[in-house]
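Below is one structure; the comments refer to it alone.
None of the figures in this text is laboratory data; all of them are computed from the coordinates on show. Given the structure is predicted, the values throughout are model-derived calculations rather than measurements. Cβ: placed from backbone, ideal geometry, glycine included. Neighbour counts: every protein chain shown.
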């Protein structure tokens, strides 16, 4: 369902949401209130959140640039 919502969105709006999610992912990784009391699990979940949010932002940026290039051609 998440993919259906984001795929139907305007690329600029999706990019803005992805940047906000990336920022929230960074904040989550910095916050000391998660599974950091179990060292390896704490690091894995921080890396996982950062990786997923970074990839999402990167994909959104690429889609935004492609959509921008299509509108410039017209």
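Overall size of segment 11-73 from C-alpha positions, given as principal axis extents largest first: 53, 15, 10 Å.
Per residue, the average separation of C-alpha pairs within less than 8 Å and at least 6 apart gives segment 11-73 a relative contact order of 49 percent. When each of the peptides 57-69, 14-26 is scored by how many other beta carbons lie within 10 Å of its residues on average, the order from highest to lowest is 14-26, 57-69.
Modelled this way, with points 7 Å down the Cα-to-C-beta line, the labels at residue 40 and residue 9 are 3.6 nm from one another. Using the Cβ-Cβ distance between residue 72 and residue 23 with R0 = 22 Å, the FRET efficiency computed as 1/(1 + (r/R0)^6) comes to roughly 0.20.
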